[in-house]
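The values are calculated or read from the model by the stated rules, or taken from the named source; none is laboratory data. Predicted model only: the values in this text are computed from it and were never measured. Quick reminder, even Gly has a Cβ in these numbers, built from the backbone with ideal geometry, and neighbours come from all protein chains shown. Please note that ligands, DNA and RNA were not included when accessible areas were found on the heavy atoms of the full protein model with its side chains. Shrake-Rupley method; radii C 1.70, N 1.55, O 1.52, S 1.80 Å.
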Amino acid sequence: MSRIGRLPVTVPAGVTVTIKEGNVVTCKGPKGEIERALAPELTIEQNENVIEVKRPNDEKRMKALHGLTRTLLNNMVVGVSAGFEKVLEVNGVGYRAAKQGKKLVLNLGYSHPVEMEDPEGIQTVVEGNKITVKGISKEKVGQYAAEIRGKRAPEPYKGKGIKYIDEVIRRKEGKTGKK
């Protein structure tokens with residue numbers, strides 16, 4: 001049995017989960033609402049404040065879907081109750097990040113500033129050289145943070161660029177003189 005799939009999803013107070021026909025799950029909470037269609041082959045059961053995911057057989061595909069479905073359900077519940085956030089750090093001389101309304105403006109050593117529009121349901125906050133991406137969907141928060149990082153990924157010689165706050169850049173030694 002899947003170690004992740006067999007774990008129950010605990011629904012905190014203030015969050016309501018509705019399971020419709022075809023495993024379309026809707027989560028409502030203090031931070032917002034998420035709806036997602038999950039694998040119809042699996043059985044999703046709700047008993048008061050606990051949700052359990054069960055699979056019909058032990059085929060490889062069902063085992064994979066079991067853990068995935070449970071994790072997606074848990075991410076939905078956590079998202080509408082607590083939310084998700086990723087923190088990025090801008091390193092480099094002259095590299096800056098600023099917020100203009102719903103736009104994130106990045107000066108990253110290019111001939112022009114890079115402007116990024118915040119997607120629906122995602123909010124960015126800039127404090128000094130740190131960019132915080134917040135939202136209720138773990139998938140969207142991670143994707144937008146990766147897109148921001150992709151505008152100038154950190155390089156290994158001087159460590160310049162945009163990196164996740166907990167990311168470690170493996171540094172390389174530069175060129176040496178003639179021998």
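Here are a few things to note about the model shown:
- Of the strands (runs of 3 or more DSSP E) lying entirely inside region 27-95, those carrying at least 2 residues that are buried (at least 20 other Cβ atoms within 10 Å of the Cβ) and of a type in the set (A, V, I, L, M, F, W, C) are 50-54, 84-91.
Each row is one residue, and each column tells you yes or no for (1) within 25 Å of Ala13 (Cα to Cα); (2) under 21 Å from the mean Cα position of the chain (by Cα).
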site: Ile44; (1), (2): yes, no
site: Ala64; (1), (2): no, yes
site: Asn75; (1), (2): yes, yes
site: Glu85; (1), (2): yes, yes
site: Val93; (1), (2): no, no
site: His112; (1), (2): no, no
site: Glu120; (1), (2): no, yes
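- Subset of region 138-165 [small (Gly, Ala, Ser) and either open to solvent by less than 30 Å² (accessible area, probe 1.4 Å) or touching a Leu at 6+ places or on another chain (Cβ under 6 Å) (or both)]: Gly142, Ala145, Gly159, Gly161
- Checked against the criterion of being more than 23 Å from Ser137 (Cβ to Cβ) and open to solvent by less than 80 Å² (accessible area, probe 1.4 Å), region 117-125 has no qualifying residue.
- Considering region 96-113, and only residues there that are assigned to a loop (DSSP other than H, G, I, E, B), touching a strand residue (DSSP E or B) at 6+ places or on another chain (Cβ under 8 Å) and open to solvent by 20 Å² or more (accessible area, probe 1.4 Å), the residue that is nearest to Gly159 (Cα to Cα) turns out to be Pro113.
- Among the residues making up region 133-179, those that are among the polar types (S, T, N, Q) and within 22 Å of Lys31 (Cβ to Cβ) are Ser137, Gln143.
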